[in-house]
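Beneath this line is the structure, given in structure tokens, with notes to follow.
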Amino acid sequence: MTHLVSPSLLSVDFCNLAAGVQMLNASQADWLHLDVMDGVFVPNISFGQPIIKQIKKIATKPLDVHLMIVEPDRYFEDFKSCGADILSVHYEACTHLHRSLSKIRELGMRSGVVLNPHTPVSLLEDIIPMCDVVMLMSVNPGFGGQKFIENTYEKTSKLKELILKKNSQCLIEIDGGVNTENCKRLVECGADVLVAGSAVFASSDPLATIAQLKQE
Ligand code: DX5
Ligand code: ZN
């Protein structure tokens, strides 16, 4: 499979949100990445269900919703009804991760687990069969525009090994500081989905940047 690109709307000009979504509709992007932050799990607050509902009305691609919130299970039905297609929760925020991922699948969404930079992939050994996506944070979550953490290359390779060992179809998604410089190496290490916020929206030609990220 060729890898996917999931631009993060956290870096869009929110006064022109519709234009940003339409640009992504017209681009080579595969998914739209939506960062939900509660100011508790991460030191920042972004947006929630009302905004996602509006985006769903005009987006022509799957919505890849990244929950950076405590007690995410309380909102699974809500995010389903807002139009989430892939719903990812943080390993660090879920005491009963198996239950959380089962619930996400039962609701008809693809299930994702996200690991903070300090959380080792070895902890996923017993949960991989329940994951449609594992997302590795390559920055500390909470803000766009941060510097890529270099250890992510090695972590991606380790995760790829684990997925192969488990005979799983789970996708590896990388989130944070991804750009046209590091995307090739990430794909070589096993990344299947690249999230990019500032690299796309701060670019003078977002369509060309997305095309470059697709091409590696
Ligand atoms: C950070 C978010 C990211 C963010 C990525 O907590 O999860 O999705 O939007 O932004 P960049 O690509 O600018 O690092
Ligand atoms: Zn994200």
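Read-outs: derived from the displayed coordinates by stated rules, not from any lab. Quick caveat: nothing in here was measured; it's all calculated off a predicted structure. When we count neighbours, we look across all protein chains shown, and the Cβ atoms used for this are built from the backbone with ideal geometry, even at glycine.
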Subject >> Charged-residue dipole, Cβ positions (Lys, Arg, Asp, Glu), the chain about Cα centre, Debye nearest 20 >> reply: 300 debye
Original post:
When the Cα centres of the stretch 12-41 and the stretch 84-153 are compared, how far apart do they sit, in Å?
Top reply: 20 Å
Original post:
Over the C-alpha atoms of the stretch 119-196, what are the Rg and the largest Cα-to-Cα span, Dmax, in Å?
Top reply: 12.0, 35
Subject >> Taking the C-alpha atoms of the chain, convex hull volume expressed per residue in Å³ >> reply: 109 Å³
**OP:** Please name which of L101, S46, L123 has its Cα lying farthest along the dipole of the chain towards the positive end, using unit charges on Cβ (Lys, Arg +1; Asp, Glu -1) and the Cα centre as origin.
**Re:** L101
Subject >> Bins of 5 Å, starting at 0 and running to the largest distance - Cα pair percent for the stretch 59-170 >> reply: 2, 12, 23, 23, 20, 14, 6, 0
Subject >> Those lysines that a straight Cα-Cα span of less than 20 Å connects to K103, excepting residues fewer than 8 apart in one chain >> reply: K80
Subject >> Under the Karplus curve 6.51 cos²θ - 1.76 cosθ + 1.60, θ = phi - 60°, whole-Hz ³J(HN,Hα) for the stretch 105-115, x wherever Gly or Pro sits >> reply: 5, 4, 7, x, 10, 7, 9, x, 10, 10, 10
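By average Cβ neighbour count within 10 Å, what is the ranking of 42-48, 123-129 from highest down?
42-48, 123-129
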Original post:
How big is the antiparallel share of DSSP beta bridges in the chain, given as a percent to the nearest 5?
Top reply: 5 percent
